[in-house]
Structures are given as C-alpha cells and as structure tokens.
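Structure first, commentary second.
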Protein chains: 2
Amino acid sequence: MYDVAERSGVSIATVSRVYRTPDSVRAQTRERVLEAARQLGYVPSGNARGLASRTTGVLGLCFPDYSDPDTENEAAATDEDDDHAFMLYSDQIIRGMERAARRHGYALLIAASLKGGPESLVANVAGRVDGFAVLAGTVPTADLEVISRRLPVVMVAGRRGIDHLDHIVVANTDGQRTVTRHLIEDHGLRRLAFIGGEAASPDAEARFAGFQQACREAGLPMPDAPTMRATMMTQAEGFRVAEALLDRGGERPQAMLFANDQMAVGGLHALERRGLGVPEDIAVTGFDGIPLGRLVRPTLTTVRQPMRRLGEEAVELLVQRLADRDRDPVSLMLPVSLARRASCGCG
Amino acid sequence: MYDVAERSGVSIATVSRVYRTPDSVRAQTRERVLEAARQLGYVPSGNARGLASRTTGVLGLCFPDYSDPDTENEAAATDEDDDHAFMLYSDQIIRGMERAARRHGYALLIAASLKGGPESLVANVAGRVDGFAVLAGTVPTADLEVISRRLPVVMVAGRRGIDHLDHIVVANTDGQRTVTRHLIEDHGLRRLAFIGGEAASPDAEARFAGFQQACREAGLPMPDAPTMRATMMTQAEGFRVAEALLDRGGERPQAMLFANDQMAVGGLHALERRGLGVPEDIAVTGFDGIPLGRLVRPTLTTVRQPMRRLGEEAVELLVQRLADRDRDPVSLMLPVSLARRASCGCG
DNA sequence: ATCTAGGGTGAATGCGCTTTCAGAAGAGGG
DNA sequence: CCCTCTTCTGAAAGCGCATTCACCCTAGAT
C-alpha cells in the first residue's frame, strides 16, 4: 500500500479511501491510484483491514466431522461410490449459509472440528469472523461460553446450552410424533422399536420424546428409553444395531424407527441381509430427509427437515444480532414435514 | 491480550507464547495466563495474528454461482424440492477441499462470485488466505494475474489462462470421446447431436472436441460446431434447447449428447413432454455424474468426473506451492469414467 | 564462592490498514 | 480582492499480535 501511494504520488490514506469510499476521492486521483495498484500487483490485506476496522466481513461455521467412515473408503468408480457423494446434513447447511451470507455480503469460513483438540479450531475460526454458527456438539460449552461473550454465536440444532445464545432447531419431537402416529394409525402397527442415539444427543432425545408421545396418545406402552441406542448415528451403526435388535429374541417388532436417515439406511441393509421384506415384514422410518433416502429400495419414509433453511436462518440471526447486539436471545423452531415413501408401506 | 497479560502479571509477549509455543513457558506461568484468559473471555484475534505472522492458516475457494434459478424457486415440501438439494458441481468441490484442508490444518473460506463486481469478492478472499482455488470463469483473468503474483492460486477446470498458475482439470475431451464412441459402436447410433455451452466455456469446448474426435474416428461427418449451444448449462436451458432442436425440422437425431448433466436432465424432460421415448426413440447422455442423474427416469448415462478429488487435489497443489514457491507450475489432468445407465440403452 | 549456560521473560518494533483531525486547494459571494 | 464554504488530501495514531534481542535468574561446573 505504501508502494502504491508512493508510485501514484498520494498518501496511504488516499489509497485506502480509493478502496473503501471511492466516491470521496477525485476521479482523476482514483485512476492514478488504481493504475499504480495494478502495476504493482497490489492486493489489500484482509487481515490488516480487519484489524484496523474491527470487522471482517466473514461469517463462520463449525461443524462436527459427520463423515461415514465406511462409505468413505470405498474405492473404484462404481455407481456405489456415488452414494457418499450425496449431501449430508452439514453440506446442506453449508449451502444454505453460503447463500444467505452472500446475500448479505459476507463470505463464509468453514471448519470441521478436528479430533486434535478444538483449541485450534475455535481459535482459527472465532478470531477471524464477525460471528459464527455452531452445530450442536462441535464446540465444548465452556469454550463457547467464553467466545460468545466476544462475538455473536448461533447454536444450530441440539440444545442451546448457554442461554444468551441465539438458537435454532427443527421440530424434532413434533416430527417424530407425526411419523410414529402415521405408523400406528394409518398402518395399524403396534410393536414399534425406536433406535436412538447417545443419551447426550439432544436431537435424538427430542425425537425419542416424540415417539413416546405418540405411543402414549395411542394407548400403547410408553417406553422409558429407546429400544436400542446407537453410538454414532452412521450407516454402519444402523446396520449393527438393527442386527442386534433382531438377534435379541422376543417378538419381532413390526417397525423400526431410526433416529436418523443414515442409520435407517444401514438398518435397511441389515434387514435385506436377513431376508426380511420391508415393509411387509417390518416397516422402517428415518429422520432428516437426506437425498440418499430416495435412492435406496425401498425408498425411505422419513421426516424431512429444512436443512438448507436452517443454514439460511442461522445467517439471518447472525446478521440481525450484528446489527443489534443487545436484543434478546432468539430461539427459532423450524417446522418439519412427513415424507411418506415405500419403507412404511406407503407409495 | 493486554488485559490478560496484566491480570496474570506477565507481559503480552508471554501471553503470545502461551498460545503459539506453549512449551517455551513455564507450566505454572502458563496456567496463570490461561486462567486469566478464561476469566476475561479472551479470544485471540486471527486478524492481528495474521498481520503479524504474515500467514493465516486459511485457504480459499472462489466459485461461480451455479444455482439453477428454476429449481431454486420451487416451493413446498414435496419430494420434488429435494432435487435441488442434490449436490452440484461446486458442492462436491467444497467438500473435497474442506476435507483436504482440514487434513493439512487449514480452514476453508468460500465465496461465490456475486454479480456486483468481483472486486469485493476477490478483495475479501484474496487478502485473507494463504492461497486459493478458483473455479474457471469466476474471476477475471486480469484480476487473477495481479493476485497470483502475491499468493498461490490454483485454477480448477477450464483453461489455465495464466501460465504460471497451477492448474487442474479432468479429462473432458477423453471422456466425451468415450461416451460418444459408446453410442456409436455399442448402440449403433449414427445421427448424433451435441448440445454445447458457450464458445467461451473451455470445458464445454473440450468436450465438444472429444465428440468431434469420436465422429472422425467412426467415419461419421465431423461437425465444426456443436449442433446447438446453450447459454447457461442449466436444466431450463437444456429443456429449451432440446425443444428447439426437435422443432428445427430435418431428420430427428438418434441421440442427444449434452455438455453437462443439468442440461441433459432438462432435455429428458423436454423429450418426455414431446412423447418421445428414451432411449427407444432417442438416446441421451450428459457429463459430470451429478447424483440427480441416478434419480431421473430413465437414469442418465454420463461421464463421471471425480469432483471431490478435484477439490482435494487443488488443496494439495496449494499446500505444495506454499512449501515451495519456486517450483514449476503444475498441470494435472484427472481421469474420468463412463457411467452406462438407462438413457443410452444400457442398464 | 565464582563462573557459565540456559531457560524464562520483558521491552520494543512492526505487520498493513482505517480513521479522525486538520490543513490545503478551489469555488463562489460580498 | 478578501472571506467563507466545500472538496480533497495528508499526518498520525492506533488495531492486536509475533518476534527479535537483551536481560535476569537459577542450576550446575569449577
């Protein structure tokens, strides 16, 4: 910048003005400066600008590493390997955030949490953005508490954790209740098994609560805990848990309700392997509405959540809070919708 | 940071060391500092750090706005609206880059080009990263020329443009030649129509070149230009162009080869609307291998490109150049593979 | 008891830019 | 021709951190 100033015979203040407030500089001067910048290959330093102006024009997103290790390592260019090319939860949120961020003139900084201590992740992201969104379970609450005192943070999904944060979730309980009632009322099923996640997963627990509600409302026995719990909510886990469920004896359930689609797809595979027909022998449902659910056979009945909108709304919340730091914390709940497909007996 | 230093009774230099080189500080001192930081809610400024250390730990990606405006505005929660939830070209590249970046300890800054002058985009991204990837056609060559003198840039797809850039493409020509030969040799088709993009699109032109080669090799008349040209390579354009092609009279082609999948899907819709059977009446092929291609009926025969790997390799190139600025420019060509599905008569 | 290494710490400088606050240069008005 | 009012431009003070360099202290060597 100093070079540009010198070469065009002005001060660095003027060079700065040329980029920040072009109209405040006489056209002729501006041209001289731009020409010099071009010749010198000048690229303004975003860091310096950020430092001086205390604002970066960047929003951040931290998400956990959702990748399904099994699908991840499949090699070869068969159609199979397209599967993991389908969007996961985080991908859609990224997309939504990117879109909304762009609309507001922000760029998006994304970082998945690395196993090696969230220290670096948080430091790298938090220090570089004007505000950011965190997918539940990515950043330890303690860290978040510290950071959220300095800049806007919106918690996406999960539990808010810190009550001065903005928060945005989908209607997990409501959605699971709806799909459960559908199985009970429309398909007449009564022996239902719910495959949950870890007790620490607020979303999975909220879904289970919906399952409980539906059972109670239908006069079915209301379980205290999920029939089975998966530890990872991946396909492999879904497969494993479904098999375990079948193996444990007793009367076979008429339906398996999985806490998310990835597990449900794994469950579908397990049932196929056991020679059980879906939905004739047993119905299956998921939750999320990932695209893969429409590709598997039978197609997967699920609860579709507006993942992209989740990302968009997250950005909106950030932008709003950036405009008014003192407004009350907002908590948004986005509606979900039932996707009736083949795996429950519809379609 | 000054506050933290004061509160813990050390100098700012020591605070800095606690975060950058923890081992160089006595454990007891370190704890005092960290505790003070915690109490004060200290978040290190990435900007300041970047300024002082002249490195950001962030890689960037600039991509054009690929969104398909038509699918974009479809409302309602029908299954239809899942379609645009499928990954596009850019999404997969983002995914690949994110993964690879994380492996190398970088975060990823993404920004789609906004219509309002690339000025801001480039300024926002280029000044904040250690290096970045550009999808062809996103940033004007002139700007790129300037920027690439200051930091590593890798051009993804398209034409390299500036010869000192690293560059990475897929085997467009080769892939289109393969799929064309497949139609000619395996399905015995001879009247082929190629729907290209704008003459300014290097990828589309490279694919057309492959089409030409295959025609020549098979002894078919070799066209000088694509049978039709689309202006946008979106579904809507594919639909429009396919109809135009049918309407222009003359003998109907036995196959339509689209320069990408999105157009091909649009073409499929047009043919269905006209009551033409695919592949009986006319075969259709695309290029890219987007997931949507497996969902449409008939499933779309296409050339699958390793989009995620494209992103991964881009990061590798950046990392390598960051390590050795003076090495010769690299130009990589990634192989593609033929996906034979129903729309050509296979599967 | 004196000397020598080191490890640990602080003072000071600069990274490249934004942003007041004044001052200089024109433009009209009296 | 002088004075006030606009425009434009420059000087200078940071923004929050990394990093040299010098310094001090302590432990082991002599």
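The values are calculated or read from the model by the stated rules, or taken from the named source; none is laboratory data. Everything quoted here is computed from the prediction, not taken from an experiment. Quick reminder, even Gly has a Cβ in these numbers, built from the backbone with ideal geometry, and neighbours come from all protein chains shown. Surface areas here come from the heavy atoms of the whole protein model, side chains and all, with no ligands, DNA or RNA. Shrake-Rupley method; radii C 1.70, N 1.55, O 1.52, S 1.80 Å.
Per residue, the Cα convex hull of chain B amounts to 174 Å³. Only protein heavy atoms count here; under a 1.4 Å probe, B:Met228 has an accessible surface of about 40 Å². The residues neighbouring B:Leu192, those whose beta-carbon lies less than 14 Å from its own, together hold a net charge of +3 under the Lys/Arg +1, Asp/Glu -1 convention. Here's the picture: charge each Lys and Arg Cβ at +1 and each Asp and Glu Cβ at -1 in the protein assembly as shown, and of B:Leu322, A:Leu40, A:Thr299 the one pushed furthest to the positive end of that dipole is A:Leu40. Between the amide H of A:Ala133 and those of A:Gly60, A:Leu61, A:Cys62, A:Val154, distances stay under 5 Å, these residues lying 5 or more places away or on another chain, with hydrogens modeled in the peptide plane.
Roughly what % antiparallel, to the nearest 5, for the DSSP beta bridges in chain B? Of all bridge pairs located within chain B, approximately 10 percent are antiparallel. Shown for region A:127-162: residues covered by the partner protein chains by 40 Å² or more of accessible area relative to the chain by itself (probe radius 1.4 Å), namely A:Gly127, A:Arg128, A:Val146, A:Arg149, A:Arg150.
If you take all other residues with their beta carbon under 14 Å from the beta carbon of B:Ser201, and give Lys and Arg +1 and Asp and Glu -1, the sum is -2. The fraction of Cα-Cα pairs per 10 angstrom bin, counted from 0 for region B:212-251, comes to 26, 38, 33, 2 percent, rounded to whole percents. Figure note: A:Tyr19, A:Tyr42 ranked by solvent-accessible area, largest first, 1.4 Å probe, ligands and nucleic acids not counted: A:Tyr19, A:Tyr42. Projecting the Cα atoms of A:Gln254, A:Gly57, A:Val122 onto the charge dipole of chain A (Cβ charges, centred on the Cα centre) puts A:Gly57 farthest toward the positive pole.
Structure remark: mean-square fluctuation, Gaussian network model of chain A, C-alpha springs under 10 Å; the largest value among A:Gln320, A:Gln254, A:Gln305 belongs to A:Gln320.
Which net charge results when you count Lys and Arg as +1 and Asp and Glu as -1 among the other residues whose beta-carbon is under 11 Å from that of A:Cys346? Net local charge, A:Cys346 excluded: +1. Taking every DSSP helix (H) stretch of at least 4 residues in the protein assembly as shown, weighting each as -39,500 (n - 2.57) and dividing the sum by the residue count yields a mean residue ellipticity at 222 nm of -12500 deg cm²/dmol. Comparing B:Val18, B:Val154, B:Val319 in a Gaussian network model of chain B where C-alpha atoms under 10 Å apart are linked, the largest mean-square fluctuation is found at B:Val18. In the elastic network of chain B, a GNM with C-alpha springs shorter than 10 Å, the most mobile of B:Gly250, B:Gly127, B:Gly57 is B:Gly250.
Percent of Cα pairs in region A:176-331 per distance bin of 5 Å, from zero to the largest separation: 2, 9, 18, 20, 19, 12, 7, 5, 4, 3, 1, 0.
Chains A and B together bury roughly 5600 Å² of accessible surface, counting both sides and using a 1.4 Å probe on protein heavy atoms. Hey, how much of the P(r) for region B:101-216 falls beyond 22 Å, as a percent of Cα pairs? The answer is 47 percent, as a whole percent. Largest accessible area first, the residues A:His164, A:His187, B:His167 order themselves as A:His164, A:His187, B:His167 under a 1.4 Å probe with ligands, DNA and RNA left out.
Look at the dipole of the protein assembly as shown built from charges on Cβ: of B:Ala214, A:Thr231, A:Leu189, the Cα furthest out on the positive end belongs to A:Thr231. Nonpolar atom fraction for the protein assembly as shown, defined as the carbon and sulfur part of the 1.4 Å probe accessible area, stands at 48 percent. Eigenvalues of the alpha-carbon gyration tensor of region A:2-44, scaled by 5 and square-rooted, set the equivalent ellipsoid semi-axes at 14, 10, 9 angstrom, largest first.
Size descriptors for region B:275-347 (Cα atoms only): Rg and Dmax, in that order, 18.1, 59 Å.
Altogether, the Stokes-Einstein calculation at 4 °C and 1.567 mPa s, with the Kirkwood radius of the protein assembly as shown over Cα pairs as Rh, returns a diffusion coefficient of 47 µm²/s.
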